[in-house]
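Okay, structure first, notes after.
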Amino acid sequence: MKQSLLEKYIEFHPDFISELEQLSKTNKEKFICGFKKEKDKTNFLSRISELRFAEFLERESINYE
């Protein structure tokens with residue numbers, strides 16, 4: 001069975017799951033759902049960047065959608 005982009009990414013970045021845990025429950029679920037559905041590598045990497053920015057916003061207690 002072919003690995004998803006998320007599975008491949010986690011294989012090389014095992015701490016990725018703990019990074020997701022830093023987000024609020026709602027936002028974490030949205031990101032996970034988006035990562036699982038993504039088929040395009042460029043878009044997947046863009047989502048990784050969005051995740052990093054969301055982590056920053058949440059650390060700074062800034063609301064976002």
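So LEU57 clears everything in (1) farther than 23 Å from LYS8 by Cα; (2) in contact with a Lys or Arg (Cβ under 8 Å, 6 or more places away or on another chain) except one condition, right? Which one?
For LEU57, the exception is condition (2).
Mind checking which residues of region 22-44 are in a loop (DSSP other than H, G, I, E, B), in contact with a Phe, Trp or Tyr (Cβ under 9 Å, 6 or more places away or on another chain) and more than 15 Å from GLU65 (Cβ to Cβ)?
GLU38, the sole residue that qualifies.
For region 45-65, name all the residues that are touching a Phe, Trp or Tyr at 6+ places or on another chain (Cβ under 7 Å) and small (Gly, Ala, Ser).
ALA54, the sole residue that qualifies.
Filter region 51-65 down to residues that are of a type in the set (Asp, Glu) and surrounded by 12 or more Cβ atoms within 10 Å (Cβ to Cβ) and give me whichever is farthest from GLY34 (Cα to Cα).
GLU58
Please determine, by comparing only the residues of region 1-21 that are polar (S, T, N, Q) and outside any helix (DSSP H, G or I), which one is surrounded by the fewest Cβ atoms within 10 Å (Cβ to Cβ).
Looking at residues that are polar (S, T, N, Q) and outside any helix (DSSP H, G or I), I get GLN3.
Could you check region 21-65 and list, in sequence order, the residues that are out of contact with any helix residue (DSSP H, G or I) (no Cβ under 8 Å at 6 or more places or on another chain) and of a type in the set (Phe, Trp, Tyr)?
Across region 21-65, the qualifying residues are PHE53, PHE56.
Under 8 Å between Cβ atoms, at least 6 apart or on separate chains: pull out the pairs that start in region 30-41 with a residue that is hydrophobic (A, V, I, L, M, F, W, C) and end on any residue that is assigned to a loop (DSSP other than H, G, I, E, B).
Close Cβ pairs satisfying both conditions: PHE31/LEU23.
Give just the number: which of (1) of a type outside the set (A, V, I, L, M); (2) outside any helix (DSSP H, G or I); (3) at pLDDT 95 or above does SER61 not satisfy?
SER61 satisfies all of (1) of a type outside the set (A, V, I, L, M); (2) outside any helix (DSSP H, G or I); (3) at pLDDT 95 or above except (3).
The values are calculated or read from the model by the stated rules, or taken from the named source; none is laboratory data. These numbers come from a predicted model, not from an experiment. Ideal geometry is used to build each Cβ from the backbone, glycine not excepted, and the neighbour counts take in all protein chains shown.
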